[in-house]
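Trainee: Next up is a structure, given as structure tokens.
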Amino acid sequence: MARIEWRLLRVIAAKEFRERLRNRWVLAVALVFAVFALTIAYFGSAQQGMVGFHGIDVTIASLVSLVIYLVPLIALILGFDAIVGERERGSLDLLLSLPLTRAELLLGKFLGLSATLALSTVVGFGLAGVALAVQGQGTDALLHYAGFVLSAVLLGMSFLSMAVALSVITTDRARASGAAIALWFGFVLVFDLLLLGALVTVGDSPLGARVLPYLLLLNPADVFRVLNVFGFDSVKVFYGLATVFPDTLTSPWVLGGVMLAWIVLPLGFALWRFRQ
């Protein structure tokens, strides 16, 4: 296995990042995140007859659903043509003719796209954090919000990793975009519906208590939800799957490790496939 030249990897990542900056992709996504985050954070308690920025638990609970729907979609859109797009434009052969390995090209693209997504996420949701700071939230609350933003970045990177894998195994952009949309529907919408149906079916049986919590780990969106919502007793009761999720699996270190696995494994598969 050839040694990775980190200098070349940084060059590819910087090139990918600069291209996204030039086409204002970062600014557009950051504005979308900021507008939605500020709106939901301010009006998230409207159904209880309250508006404004309230406790950090209410704010994060209101923003979790936004992140689960929006961040994976944007990550998939960002990365689905990372390789297949170069192939269709005819530039992939040119890139591979340079003194550059396939691993350096793929990892460089992934890091550049990850930096783009991370910057957009931090800037967009950071504005809501500034609003919370102005409202006088304590240091612990702001640190908890920073952890929420970090987990949103990791969620985006996990779906970006899957998008890059799709880009490697598909033969054209049309198939890659269709597969990316199907992936979003599967993880964000269909997966939880199936699990809720299974929970209703098995009820309080030992099988449900033993198996269903671990099935949640098969979806990075659910890992993100557990990581940010189930730590608050005041809001986790509103999530049906909280009734079967054991406390031993709610450790931030365990869930953070699972999220990292969702980043590494699809990217590792993409790297293996790209080398074939």
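Trainee: Under a point spin-label approximation (7 Å from Cα along Cα-to-Cβ), what is the L150-A261 distance to one decimal in nm?
Mentor: Distance between label points: 2.0 nm.
Trainee: Modelling each spin label as a point 7 Å along the Cα-to-Cβ direction, I'd like the R24/T171 distance in nm, to one decimal.
Mentor: 3.8
Taken together, the values in this text are just the output of simple stated rules run on the coordinates, not laboratory data. Just so you know, these numbers come straight off a predicted model, no measurement behind them. Neighbour counts are summed over all protein chains in view; Cβ atoms, including those assigned to glycine, are modelled from backbone coordinates with ideal geometry.
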